[in-house]
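The block underneath contains the structure these notes are about, expressed in structure tokens.
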Amino acid sequence: MPVVLPPGAGYLGKSRRRISASGLVTWERCPRQWHYRRRIGLNDATVPEMIIGLVVEDALCGLFMERFEVEGPTPGISSWVNYSREQSGLSKITATDEVIISDINSINNWIYLVIPSLVKEVQRLLKKRWNEKNWTAIGRDISEVKDERIETLLKGGIELQLEEVENCFNNQGGPYLGQYRATGDPFTVPAPCWDEEPVKPGESSNRIANSGFQTDKPVSAWEAWEIARPWVKDPRVAEPQRLFHPEGWAAGEMDLVHRWDGKIRICDIKASAGTSGYSTGLANQLRFYQWLWKITRTHPGRPEVGINGGELSGLEGWYLNGPHRKNIDLLDEETLSSEASRWNLIHQQMTLSGLHPTHLAPADPAPWVTHAPGGKALTVEDEEGAKELTCERCTAVAFCDASPEKIRSKALSALTSPEIGNSENLLKELIPKPPCTNISSIPRRLNVKGEVKGHWGPLSNHYGEEVRGATIVVGDTIVVIEEMGSESFGEIPAGSELALLDVAPGLWRGMTRLYLDEHSQIKPVSEVEDIEFTRLGLIPTKANLSGQVVSRGGTNGVNASGKPWSMSTLHIWDGESVVEVVAFGSAINRTFEEIRVGDQIRILSAELGWRDGVPQVRIDQRQTRIQVK
Ligand code: SF4
């Protein structure tokens, strides 16, 4: 449910700095796991389940955006299928059959007519996304996902939505029938529909009553479908469609919001039966949305026209394999407020994690709780054993010094190639040899002094984020200073001789940079004592590192100014620490792309950069040398 654009929107608002519902759920599973996954960006090998959920959810939400013909038959093709094909440059497909929508049963008939083409399109997208991944799990392939599995998930979501439509029909269209008939979707943020122009975050609704709405008659099935349509994320809108905390430190992206019965229910779609330990996170995820919903109702950036949405009345998990509707109790005011304080504290801990090698989020795994279908938690008999199960499934189990010895050894063995023999040999082999240094020796923070010159004004960083920058000058030496991320530092104080404390050194486009974030300070030199300063000309900006590749990833997109960007990433582990290595745009060369998890590599003369307070080593296409063993 969009409210407004994110504060300091950049990089399409995907800041690793905000606390999100999924980040919170990972933190509650284990804060250290959050550090590895979110702060350092360590990935797991892609398995089909990671993409099935996303694509099936898109297909369902696209289906819910359908509008049936008012006069005459509705062709048996989902608009989402053709929209999705067009996004891939493919031609539209045409319907071979059609249905006249006259009652709920005919809606059912239409949906069942389009299911085969929905399944086909989901399968096409699954294959496409699978092939785009540069790291997939050994022994898994997208071809193992059979049509029946996709059909079961789609039918589960359809069944739950048709229950809404039927309830709406049986309740005479609910309390908003008159408003829909007079003015169309009456909500401030209308439910997206393929036959209506999209509405961007913060924009006023563009709805007027469609001719399908009647007057003075009992509600029709056509009307019930329209009124029971949930709010979903509109795929035609590029801007983030999330609930953003007014102060910008938290955001949540909901799947469905049902409003037809005069109450609000936030629903989250899960492409499973809800039996795994991951189901534990559902309640917290939805309650996080409850809190964001509450605090954004009076946001000044919200459009004024229309029904604001009101108070929440329910939270639901929709497990598609079943299907099962799991109701989650809303938190009362007092508990919600104390939870919000706790989340704020967690956000502060997240911000600090990793700024210093010794300052990591605590290793505190929660027990892995299995569930009966529908997300019903089963009793944990052996709490310590259940915690070990969480570690066993953790991305970082081989690198985390708090993981149980037995499980870590197993994970280390899996990283050891047969030629190396055993993990002791592997650890010996990974010890960096000159000129490479330990990852933990990457210089993190330093202090400089000089005269800050130039307007503290906007410039674009690697991600196309708008950050503020200026220069610091001593004699003939000039160094650029800039924010580490959008709005991560405040204003520069007045004064000619300033001390910049706890700033992070780096290099970009061949120039030394000093990055400032919330942990940096600028003070008049006269106010600081007993501080060791680094000379501007001696700021470390390069890194020589070696290690085994333990993760691959990458993404691309369009930045805030409309320019496309791409990045390819890998993580190396030197037997002690893990660091992200990233190549942007033209630095993504063949050597980099061909590096696989398990390879041992040396990276010489890489640029030192930063992402959200932790080092990120960057490939310079001219200077950096990569050697793959
Ligand atoms: S291995 Fe266990 S303790 Fe370590 S980060 Fe993972 S879940 Fe946490």
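The values are calculated or read from the model by the stated rules, or taken from the named source; none is laboratory data. Values in this document were obtained by computation on a predicted structure and should not be read as measured data. Don't worry about glycine lacking a Cβ; one is built from the backbone with ideal geometry, like all the others, and counts go over all protein chains shown. These accessible areas exclude ligands, DNA and RNA; they are computed on the full protein's heavy atoms, side chains included. Shrake-Rupley method; radii C 1.70, N 1.55, O 1.52, S 1.80 Å.
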For this session: Filter the stretch 23-44 for residues that are open to solvent by 50 Å² or more (accessible area, probe 1.4 Å) and at pLDDT below 95 and give the result.
Result: 37, 38, 43, 44
Exercise. Could you say which residue among 362, 367, 303 is touching a helix residue (DSSP H, G or I) at 6+ places or on another chain (Cβ under 8 Å) and crowded, with 16+ Cβ neighbours inside 10 Å?
Worked result: 367
Exercise. Looking at the stretch 361-378, which of its residues are within 12 Å of the ligand (Cβ to nearest atom) and either outside any loop (DSSP other than H, G, I, E, B) or out of contact with any Pro (no Cβ under 9 Å at 6 or more places or on another chain) (or both)?
Worked result: 365, 366, 367, 368
Exercise. Among the candidates 354, 374, which residue alone is open to solvent by less than 70 Å² (accessible area, probe 1.4 Å) and modelled with pLDDT of 95 or more?
Worked result: 374
Problem set entry | Conditions (1) within 15 Å of the ligand (Cβ to nearest atom); (2) assigned to a helix (DSSP H, G or I); (3) open to solvent by 30 Å² or more (accessible area, probe 1.4 Å): number failed by residue 49 | (1)
Exercise. Which members of the stretch 541-589 meet the condition of being at positive phi and at pLDDT 95 or above?
Worked result: 547
Exercise. What is the one condition in (1) under 21 Å from residue 532 (Cα atoms); (2) modelled with pLDDT under 85 that residue 460 does not satisfy?
Worked result: (1)
Exercise. If you check residue 381 against the conditions, is it open to solvent by 20 Å² or more (accessible area, probe 1.4 Å) and near the ligand (Cβ under 9 Å from one of its atoms)?
Worked result: no
Exercise. Does the stretch 498-521 include one or more residues that are surrounded by fewer than 15 Cβ atoms within 10 Å (Cβ to Cβ) and among the acidic types (Asp, Glu)?
Worked result: no
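Test of understanding: among 316, 333, 339, 253, which residue is touching a residue at least 60 places away in the same chain (Cβ under 8 Å) and either open to solvent by 20 Å² or more (accessible area, probe 1.4 Å) or not assigned by TED's automatic domain parsing to the domain that holds residue 59 (or both)?
Working: 316 fails: touching a residue at least 60 places away in the same chain (Cβ under 8 Å); 333 fails: touching a residue at least 60 places away in the same chain (Cβ under 8 Å); 339 fails: touching a residue at least 60 places away in the same chain (Cβ under 8 Å).
Just a single option satisfies the conditions, and that option is 253.
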For this session: Please enumerate the residues belonging to the stretch 429-450 that are farther than 11 Å from residue 576 by Cα and at pLDDT 90 or above.
Result: 429, 433, 434, 435, 436, 437, 446, 447, 448, 449, 450
Exercise. Does the stretch 213-229 contain at least one residue that is touching a strand residue (DSSP E or B) at 6+ places or on another chain (Cβ under 7 Å) and closer than 30 Å to residue 49 by Cβ?
Worked result: no
Exercise. Residues of the stretch 168-177 being within 18 Å of residue 68 (Cα to Cα) and open to solvent by 20 Å² or more (accessible area, probe 1.4 Å), which ones?
Worked result: 169, 177
Exercise. If you go through the stretch 124-139, how many residues are touching a residue at least 60 places away in the same chain (Cβ under 8 Å), out of contact with any strand residue (DSSP E or B) (no Cβ under 8 Å at 6 or more places or on another chain) and either aromatic (Phe, Trp, Tyr) or open to solvent by 50 Å² or more (accessible area, probe 1.4 Å) (or both)?
Worked result: 2
For this session: Name every residue in the stretch 89-108 that is surrounded by fewer than 17 Cβ atoms within 10 Å (Cβ to Cβ) and among the polar types (S, T, N, Q), in order of residue number.
Result: 91, 94, 96, 102, 105
Exercise. Would you say residue 105 is under 21 Å from residue 229 (Cα atoms) and assigned to a loop (DSSP other than H, G, I, E, B)?
Worked result: no
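In the stretch 523-629, which strands (runs of 3 or more DSSP E) lie fully inside it and hold 3 or more residues that are touching a residue at least 12 places away in the same chain (Cβ under 8 Å) and touching a Pro at 6+ places or on another chain (Cβ under 9 Å)?
Because the criterion is at least 3 residues that are touching a residue at least 12 places away in the same chain (Cβ under 8 Å) and touching a Pro at 6+ places or on another chain (Cβ under 9 Å), the strands (runs of 3 or more DSSP E) in the stretch 523-629 that meet it are 542-558, 600-611.
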Exercise. For the stretch 338-360, does any single residue satisfy the condition of being β-branched (Val, Ile, Thr), within 16 Å of the ligand (Cβ to nearest atom) and under 26 Å from residue 255 (Cα atoms)?
Worked result: yes
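Go through the stretch 112-123 residue by residue and tally those that are surrounded by fewer than 17 Cβ atoms within 10 Å (Cβ to Cβ) and touching a Lys or Arg at 6+ places or on another chain (Cβ under 9 Å).
Going through the stretch 112-123 one residue at a time, the tally reaches 1.
Listed here are the residues, each with its yes/no results for (1) in a loop (DSSP other than H, G, I, E, B); (2) over 17 Å from residue 64 (Cα atoms).
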| position | (1), (2) |
| --- | --- |
| 116 | no, no |
| 131 | no, yes |
| 134 | yes, yes |
| 154 | no, no |
| 158 | no, no |
| 163 | no, no |
| 166 | no, no |
